[in-house]
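Each remark here refers to the structure printed beneath this line.
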Amino acid sequence: MTTPHSPAGKRITREQQSQLVQAIKQLLSQGKHTSDIKRAINRGYDLSPRSVERYITRARREMIDHLEAPTDQLRSESFVFYLAIINDSRSSQRERLRARERIDKLLGLDTPPHLRDETIFMGLTSDDIKNMTDEELEVAYKKTMK
C-alpha cells in the first residue's frame, strides 16, 4: 500500500492516517454530511477530494466491522477501556468512579443477586424471551404496556 500524500507531495504518516480515520468516524457519528466532512478534512490535511473519499469509505467500513463484532468482544473492549481509565494516574476521581460504575454494569454487578440471571419482563427469564416467537413476544410486550 502506498502512503497517501497531499497535492504538494507531503506524505501522511500512518499515525496521521489513523488520526484522520478516527476524526472522520467522529464526524460520521455526529451525523455530519459527507460534503461537510470533505471540507473539514481538506482544510486540516490538504488532501484531494478523492483521497478524502477513500478515508471516508475506510472509516465507514471500520465502523461496520465494529458493529458486527461478537457481543463478547465488544464487552471485552469496553472492559479494557474502562480499566485503562481507572489505572490512568491522570484520571480524576470522578472519571475513575464513572469507569468503575460502567464496569459494574457491564459485568452485571449492579443488579441484585436474585435478579442477575432473570429479566424483569413478565417474570420471564432471558432464555424464555430468547425462545419466544415474534408473536409471543409482541403479546407479552402489549400486556406490559397496558
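The values are calculated or read from the model by the stated rules, or taken from the named source; none is laboratory data. Since the structure is predicted, the reported quantities are computational estimates derived from the model, not experimental observations. Please note: Cβ atoms are built from the backbone with ideal geometry, for glycine as well, and neighbour counts cover all protein chains shown.
What to note about this one:
- When LEU74 is tested against (1) among the hydrophobic types (A, V, I, L, M, F, W, C); (2) at pLDDT 90 or above; (3) exposed (fewer than 15 other Cβ atoms within 10 Å of the Cβ), only condition (2) is not met.
- Of residues in region 40-64 being over 14 Å from GLN19 (Cα atoms) and acidic (Asp, Glu), the one modelled with the lowest pLDDT: ASP46
- Test: residue in region 1-12 that is at pLDDT 85 or above and of a type outside the set (Phe, Trp, Tyr): no
- For region 20-37, filtering for residues that are assigned to a helix (DSSP H, G or I) and surrounded by fewer than 10 Cβ atoms within 10 Å (Cβ to Cβ) leaves 1.
- Filtered residue count, region 44-82, keeping only those that are of a type in the set (A, V, I, L, M, F, W, C), in a helix (DSSP H, G or I) and in contact with a helix residue (DSSP H, G or I) (Cβ under 7 Å, 6 or more places away or on another chain): 5
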